[in-house]
1. Across the stretch 113-142, what is the total count of residues that are of a type in the set (Val, Ile, Thr), surrounded by 13 or more Cβ atoms within 10 Å (Cβ to Cβ) and more than 22 Å from Ala21 (Cα to Cα)?
2. Residues of the stretch 286-296 being surrounded by 13 or more Cβ atoms within 10 Å (Cβ to Cβ), more than 19 Å from Tyr344 (Cβ to Cβ) and at pLDDT below 95, which ones?
3. Could you run through the stretch 155-184 and say how many residues are at pLDDT below 95 and farther than 24 Å from Val262 by Cα?
4. Report those strands (runs of 3 or more DSSP E) wholly inside the stretch 164-252 carrying at least 3 residues which are surrounded by fewer than 16 Cβ atoms within 10 Å (Cβ to Cβ).
5. Looking at (1) surrounded by fewer than 17 Cβ atoms within 10 Å (Cβ to Cβ); (2) under 22 Å from Ile24 (Cβ atoms), find the lone condition where Ala110 falls short.
6. Within the stretch 80-100, which residues are among the polar types (S, T, N, Q) and surrounded by 15 or more Cβ atoms within 10 Å (Cβ to Cβ)?
7. Of all residues in the stretch 6-18, how many are modelled with pLDDT of 80 or more and outside any helix (DSSP H, G or I)?
8. Could you please tell me which pairs satisfy a Cβ distance under 6 Å, a separation of 6+ or placement on different chains, a first residue in the stretch 298-311 that is of a type in the set (Lys, Arg), and a second residue that is not in a strand (DSSP E or B)?
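The values are calculated or read from the model by the stated rules, or taken from the named source; none is laboratory data. Owing to the predicted nature of the structure, the values given are computational and were not obtained by experimental measurement. Every residue, glycine among them, receives a Cβ derived from its backbone with ideal geometry; neighbour counts consider all protein chains shown.
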Amino acid sequence: MSSELIRALNEIEKERGIPQAALIDAIKTALNTAYRKNFGTTQNVSVEFNDINGEVKVFSQKMVVEQVEDARQEISLDEAKEMYPDCKVEDMVYVEATPNSFGRIAAQTAKQVVMQKLREAERSLIYEEFLQREGEIVTGTVQRVEAKTVYVSLGRVEGIMMPGDQIASERYVVGQRIKAFMYEVKNSTKGPNIYLSRTHPHFLRRLFELEVPEIYDGVVEIKSIAREAGYRSKISVHSNEDNVDSVGACVGPRGLRVQNIVSELGGEKIDIIKYDREPERFIANALSPSKVMAVYIDEANKVATVVVPDYQLSLAIGKEGQNARLAAKLTSWKVDIKSESQFYEENDLDDETP
């Protein structure tokens, strides 16, 4: 090894931001390990790396004695005085013991350490880059599908989409380009693990932010989202400006904006609900597309009793209770839906509008 290595370390520090001192410390540790691995000595040895000229030398610690019995552990007083004039018997001194073949091993070791540090730095940079993008939508290409887990190429790194993050009705094939929500970035010894989802409620939120300028600009605000990925979603929106229709902005001209999102989600139905500060009106809106006659609020138990016309009961509840379930999630109220006749009967009322 030579001063060329030192110059290379300087360049790496400038270009990659890896401190030269950290590289040199790692090289020193690796050289000591490499010496013991290749020469298997029981001597007390130390490998020294000169961080000025790049030279590597091995020093063996020996005891100064009058008469040498074990040359691996001892050195004669006369020989020791040539190097350490003030030494005396039983002193411990360091004697150079660099093997002829160690230069090649040292060069290989230093190269391996530098390459490892560069890989670690690259992984760290990638991790920091994607950590800053956590919570965004990313576009990638399906790389492979293993044990129901989809691996997506994002350029320099691979994203992971677990079975629970996949829309059940979708099939992913190698080479397919997909969008997904990056909900978590974890660091590991092999590089960052990037978790993607197409079922996360925030995926729907980000799609609306991309498609609807009024949401991106903060004119229209998404208040809440309830989603059963691949089937149906409800999203409540509120306008911060009186002259802007929140629902209309999300639907877009001829329904184009929401249709683009529906297409991205493979036909998932989306109900856009107008948010209202009054829970009665908000809950009635949330049960769209059914007609609501009245809403009675139980504040203490956070329960809303909703009365709908008899012919609208199945529509209000939805297939397998989906509409009612999503409305409850959207509003954070427990929703109890009753038909008009059922409500009259239970409350012993005449046939009048409740």
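1. So in the stretch 113-142, the residues of a type in the set (Val, Ile, Thr) come out as 113-114, 126, 137-139, 141-142.
Among the residues that remain, those that are also surrounded by 13 or more Cβ atoms within 10 Å (Cβ to Cβ) are: 113-114, 126, 137-138, 141-142.
With the extra rule that they be more than 22 Å from Ala21 (Cα to Cα), the set shrinks to 126, 137-138, 141-142.
Adding up the residues that qualify gives 5.
2. Applying the first criterion (surrounded by 13 or more Cβ atoms within 10 Å (Cβ to Cβ)) to the stretch 286-296 yields 286-288, 290-296.
Filter once more, keeping what is more than 19 Å from Tyr344 (Cβ to Cβ): 286-288.
If the condition is that a residue be surrounded by 13 or more Cβ atoms within 10 Å (Cβ to Cβ), more than 19 Å from Tyr344 (Cβ to Cβ) and at pLDDT below 95, then Ser288 is the only one that fits.
3. Summing the residues that are at pLDDT below 95 and farther than 24 Å from Val262 by Cα in the stretch 155-184 gives 4.
4. 177-186
5. The single condition Ala110 does not satisfy is (1).
6. Of the stretch 80-100, the ones among the polar types (S, T, N, Q) are 98, 100.
Answer for the stretch 80-100, where residues must be among the polar types (S, T, N, Q) and surrounded by 15 or more Cβ atoms within 10 Å (Cβ to Cβ): just Thr98.
7. Residues that pass the stated criteria total 0.
8. Hits for this filter: Lys302/Trp333.
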